[in-house]
Every structure is written in C-alpha cells, then in structure tokens.
Amino acid sequence: MDAPDGAGTGKAPAILLRGIVKDYESGGASTRILHGIDLRIESGEFVAIVGPSGSGKTTLMNILGLMDSPTAGCFELQGRDVSRLTPDQCAEARGKTFGFIFQRYNLLTNETAAENVGLPGAYIGIPSGQRRVRAVGLLEGLGLGHRIANRPPQLSGGEQQRVAVARALMNGGEIILADEPTGALDTARGEELMARIRGLHRQGLTVILITHDPGVAAQADRVIRIVDGAIISDQPTERSAEPDEPPQGSGSVPVLPPDAERGRIALLADAAEALRMALHALQANSFRTFLTMLGIIIGVASVVVMLAIGEGSRRDMQKWMSRMGTNVLRIEPGAKMSASGGILTLQDARAIADITHAQEIVPRVFSARTLRYRDRIYACTVLATTPSFIRAENRVMVRGGFFDERDEEAKAPVVVLGMKAYLELFPDRTDPVGKRILIDGAPFLVVGVITVSGGSADGRDREDDIALIPLSTGEARIFRSVRINQISVTVDDYVNVEAVQDEIRSRLNRLRQQEDFRIFNQAAMIEANRNTQNSFRFLLGAVGVVSLLVGGIGVMNIMLVNVVERTREIGVRMACGARSRDIQLQFLTEAILVCLLGGVIGVLLGMLVSGFVTIGESKAVVTLAPILLSFGAAFTTGVLFGFWPARKASRLDPVVALSSE
C-alpha cells in the first residue's frame, strides 16, 4: 500500500489516500469520524468497503466521490491532488469520473426514466439529442427499453435501481461508487444487480462498493473493513481468482461521444437546459406556480392599466390644450401672486388692440346660465364675446353663421349654440336656426351651431358645452355689467409671443398704474400641464410597481420554499456533476420564467381591463411602452427576487443536500 504511485505500470492509481482525517463540528464540539485513513485503489479494481453502521464508511465514500472534503490528509484522484481543485472542478470531476449508484436510487420524480439517465450528461455538455440516444441505449441494455417514458413512481423498485445504474454509466466515468446498492432490494433483485455490477467491472470500470452485508462484499475482489473510522483489514476475496460470467441481459454500454465532439457547455446550451428543467419543475407544481404568478399578474396588469389611464388623460389634455393654441395669450384679472385684484374692462382691450403682431383681441364675459327651449331646460356656460371669436378660436360652424359687427352694435338678442348645448335643447337634431330660446328668461334667436375643429358629432367635447352671444348684448340683457373675465390675444407667430406679452404688460401697467392682472402664456401652460401629466403617470406607474414588488416578494418566498423542499434534488444534481452555476442558473431561470409568464398574462389582462376603463371623458390608452416596461419589470423582478433563492440553492453542501429528507 506504500508502494510508489502506479508501481510496475507507470500509471497513477485511481484512488490514493494518505492520512485522511474527517472531523465534524456540532454544538461547539468536534467529533472525529475518520482516523488517518490510508488507502490505494488501482484502476479496474472491484473493492468492497464494509463495516457496521456508524463506522465511517459512508463518510469515506462521500470523500472518495468528491461530495465532501477531508479535514486533513492527502487525496489524489488519478494522480491529481484533490485539495487543489475548486468546487466547480470537483463538480466537473464528479460528472466525468464517477458514476453514483445510491441505495435509495435518488431519481427525480418529475423526470422520465430517459431524462433521469441523461441528467449527468447535461452537466458535461453532451447535446440533448446524443444524450437521449445514449440514455435509451443504456436503458435497453438493462431491459428497460419499454420504460423510457415512465417516471419513477410508475416503476418498480428493481426498475428504479436499474435506472440508477444506467444513470451511473451515462457519462462513461471510470469509477462506479455504489452505496448499499442492494439494501432496498429483495434477494433475487439484489443478486441480479450484483451480477450487473460485476459485469461493469469486467468491462474495465473501477467499482467501489459500500455495504454492511458480508455476503455482498464477498462478491468483490477485495474487501476493506472499517471500524470506528479506521481500516482494520484489507484482504482479497476468493472470487478474485475466479472467472466471472456475464450477467444475463446485461448488454454492452453504448459508446460515449468523444470529448472533442462534446466540448464544454456553452452559455446558450446552459440556458436551454436550465429552461427545460425549469419548465419540468413548474409543470410538476402547476397550481403553486399559478399562485406564485398571481402576484406578478396583478402587478403587471396594474402597471399596464395605470399607465394606460395616464396616457389617455395625457392625450385628452394634450388635445384640449392644442385647440387653445400655443400662440394665444390670456389676460385675467388678479395680482400675479394672488387671486385678488382689479377688473378688466373694454378700455383694457382697446389699449392693446394696436400692438404689433397681435392679430385678434377677444374680450370675454362668461358664467353659468340656464337655457330653455319649450320643455327642455339645460344649464351651461354663456359666453359674451365679439365677432372676432370665430376667427381667433379653433371653431367651425355646423349650422347657420356667427353673429357679426352689426349684431354687436345693435345689441341684437342672437345666440350661437355649442354642439352639446344644441343636442341637449334639440335632441331630435332639428335645425335650430331661426328658433327662439330663453337665456335666464330673456328671448334669444338661434343663428348658428358651433363646434371645435375635429370635435365629436355627439357633443362630448367639453368646449361644446357653451352658448355664445354678442358682448354688448350680454352686458345689456344678461350680465348687467362691463366686468370682463378674460381677454385673449392671438399672436401672428409663436416666436413673437414673448415680445407681445411684454408689450401688453407694459401698456396695461401704464394704464392701470399697477399690475393687478395676470397674463397666461399657453406654451408655458402646456409645458406645465405636460409636467403635471408626467408626474401623474409616474404616480400611477409607481402604484403598479408597488403591486409588482409585492408579487416579487411572493416569488422569492415560494422559491425559498422550493429550495428547502427540493434540497435532495439539488444534492442529486450535484452528485451528477452540476456546478454551482448550473444550480443557480436553473433556480434563477425558474423565477424568471414564473415572472415572464405572469407578465404575459398580466399584460393581456391589463389590456382587457384598459378597454373598459373610462375616467370622465378620458379613455385609457394602451401603448407599446407600458407593455415593454411591464415585461422589463417582470424580467427584472424575476432576476432580483430569484437571485437570493438561486444563490442559496447553489451554495448547499452536496453531502447535506443529498442526505436531507
């Protein structure tokens, strides 16, 4: 046992242990399980390690299979010092060098027999097509060709054990580690399994068998006895000198594709394999998956609906503001920093009438009044103004005409109805021109019907809820006052707005001896409104994001529960060669997939709900931006809230994970 490595052959032994010690810490106390193990196993040997329960044989096997690391001592695997390997290199060595046969099979219940067998191949980069061909070949060689599509719960104990054997052979590893492989089998099936294991040894594989059964151990070529963490004997068996017959139906192991064809796992292949595994896991718990997605669905739908409401409101306000024009100034009474102030009069309007670049000066007096036609009564805004209103505003005549200068001079009792006022008084849509209506009891002749340019035919536009009369008529018959509410000034070009505004301020200050008025620049109003709308949309979006955040926390909680429930599965994957990044990628993919699927459903639900949402006269409008934002938010949620559970899963100790219930 102390001979130089590979003495007589020039080849390093498969396993070489020198002074291996293993301690476990528990409650602040240290317990030594292995006491200075020295062991040499040559390539192609069939070795049985026997001992009573608690003797340390399973701990020794975990160290041999790179599932655990010794506290002290030297471990060389095929001439490589294991202590120099990183965790991922150990995982790669498990995948390529070892094949594990577990007592409890450790098959993944959500995978078919072929998928279980092919699992180790996924972690060393065998393409899925080649992986399936090899898995099917291995199963057929073990008499399970008719069971390749069955899942473990549909297989008998013996069939599950054969699937476990096939999985151990998947990657063509040179060393088979079998931990109590016959412990859960009856005598007949145990003998059949041992015959297959001997067949594997005969094909040149190194077999290390862990057992407490002397009868099983006797079928090996060499028996190592371990008691209380120390080797007490290492002897050849009588079988080592006897020829071994091939087991019935054992078949041959299909040839593994050469490394040159396999290569290392590319990122794309990693992602595709993680996606396949994630879909399997989510389908296995479909109801839980739906409940997990529910928070994301509600969050994404909230984002879509809220932003659709904001977009609808923005468009509606933009439409209304655009009709007012960006080259219009509005003068109203009141100090700059206060609502109090003087009144505007026609003298103010005349004082600014000849300003250069000022095209139309339109004084206005308005208030809510009652209109009546026969038995129809309607309250709306009555606006007294000048004939220049029709030229200054974005309005079109639907019927009749607008009042003119002669009507203004004569204080004629004529009225032009807005579309909405017209429809309220004349619901049968008869021609109102020539009809007489009452405004606060005073008779007026209808001379026309007006609407905003591009306005709706049903009078839904807010600016159609109006009745217009000459300014002089309003002063004499309705308002009994010369107090003007507003003067609008139309500028010939947008670039001249600031200059005209400054001139108006200068003239009115000289006339009034104080600045007890306010001038509103429509461009500034539109910009202020745009900022308000953006803030409103941000607020609505924030409400949806909060819902999405709550959904993300739910995803993280469920994924953490998944890690706990699937700890043994993680251990199995690690035993099959999964690296930390493979485990992390799989669980992260599950979280992202849940969030993206929830995002798709949430977007569809949000679009459906948005189609029925109307606030006032504004309808919700779904655009591409909220949809892309929702998908981006769902993906980000999956990454952020899936990262911690995935990281926790990837950092599990393989031995602890595999031994969990």
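The values are calculated or read from the model by the stated rules, or taken from the named source; none is laboratory data. All values derive from a computational prediction rather than experimental measurement. Reconstructed Cβ throughout: ideal geometry from the backbone, glycine too, with neighbour counts over all protein chains shown.
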- Quick one: which of L108, L139 is touching a Pro at 6+ places or on another chain (Cβ under 8 Å) and on the phi < 0 side of the Ramachandran plot? L108
- Query: Do we have K619 as farther than 18 Å from R288 by Cβ, buried (at least 18 other Cβ atoms within 10 Å of the Cβ) and of a type in the set (D, E, K, R) here?
  - Reply: yes
- Query: Residues L185, L209, L200, L177: which one is in a helix (DSSP H, G or I) and among the aliphatic types (A, V, I, L, M)?
  - Reply: L200
- Query: In segment 323-372, how many residues are part of a strand (DSSP E or B) and at pLDDT 85 or above?
  - Reply: 21
- Message: Could you check segment 155-174 and list, in sequence order, the residues that are among the hydrophobic types (A, V, I, L, M, F, W, C) and under 13 Å from C576 (Cα atoms)?
- Response: A164, V165, A166, A168, L169, M170
- Query: Can E424 be described as farther than 21 Å from P363 by Cβ, assigned by TED's automatic domain parsing to the domain that holds F366 and of a type in the set (D, E)?
  - Reply: yes
- Filtered residues of segment 373-382 (kept if in a strand (DSSP E or B) and not aromatic (F, W, Y)): R376, I377, A379, C380, T381, V382
- Would you check if L629 is surrounded by fewer than 22 Cβ atoms within 10 Å (Cβ to Cβ), without any contact (Cβ under 8 Å) to a residue 24 or more places away in the chain and of a type outside the set (G, A, S)? no
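Yes/no per residue for (1) under 27 Å from E238 (Cβ atoms); (2) modelled with pLDDT under 85:
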residue: L139; (1), (2): no, no
residue: G157; (1), (2): no, yes
residue: A166; (1), (2): no, no
residue: E180; (1), (2): yes, yes
residue: D186; (1), (2): yes, yes
residue: Q203; (1), (2): yes, no
residue: T206; (1), (2): yes, no
- Item | Selection within segment 45-58 - at pLDDT below 90 and either more than 51 Å from the chain's Cα centre (by Cα) or among the hydroxyl-bearing types (S, T, Y) (or both) | G51, P52, S53, S55, T58
- From the option list F479, F426, single residue qualifying as closer than 26 Å to L346 by Cα and of a type outside the set (V, I, T) is F479
- Item | Where G137 falls short, out of the listed (1) in contact with a Cys (Cβ under 6 Å, 6 or more places away or on another chain); (2) in contact (Cβ under 8 Å) with a residue 40 or more places away in the chain | (1)
- Scan segment 574-592 residue by residue and report those that are under 14 Å from the mean Cα position of the chain (by Cα) and among the charged types (D, E, K, R). E590
- Close pairs (9 angstrom Cβ cut-off, 6 or more residues apart or separate chains): modelled with pLDDT under 70 in segment 509-528, surrounded by fewer than 16 Cβ atoms within 10 Å (Cβ to Cβ) and among the polar types (S, T, N, Q) anywhere: I526/Q318; I526/S322
- Message: Can you say whether F631 is among the aromatic types (F, W, Y) and part of a helix (DSSP H, G or I), as far as the supplied structure shows?
- Response: yes
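Every residue, every condition in (1) of a type in the set (A, V, I, L, M, F, W, C); (2) assigned by TED's automatic domain parsing to the domain that holds L209; (3) surrounded by fewer than 24 Cβ atoms within 10 Å (Cβ to Cβ), yes or no:
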residue	(1), (2), (3)
F102	yes, yes, yes
N106	no, yes, yes
A113	yes, yes, no
P120	no, yes, no
G129	no, yes, yes
G143	no, yes, yes
R151	no, yes, yes
M170	yes, yes, no
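Hey, among the residues in segment 482-494 that are among the β-branched types (V, I, T) and in contact with a Pro (Cβ under 8 Å, 6 or more places away or on another chain), which one's nearest to R350 (Cα to Cα)?
Within segment 482-494, the subset among the β-branched types (V, I, T) is 482, 484, 487, 489-491.
From what is left, the residues that are in contact with a Pro (Cβ under 8 Å, 6 or more places away or on another chain) are 484, 487.
Numbers: I484: 13, I487: 11 Å.
Looking at residues that are among the β-branched types (V, I, T) and in contact with a Pro (Cβ under 8 Å, 6 or more places away or on another chain), I get I487.
Can you find a residue that is closer than 30 Å to P120 by Cα and at pLDDT 80 or above anywhere in segment 617-637?
yes
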- Per-region count, segment 56-102, residues assigned to a helix (DSSP H, G or I), free of Cβ contacts under 8 Å to residues at least 60 places away in the same chain and under 14 Å from D38 (Cα atoms): 1
- Just name the residue that is modelled with the highest pLDDT out of those in segment 638-661 that are charged (D, E, K, R) and assigned to a loop (DSSP other than H, G, I, E, B). R651
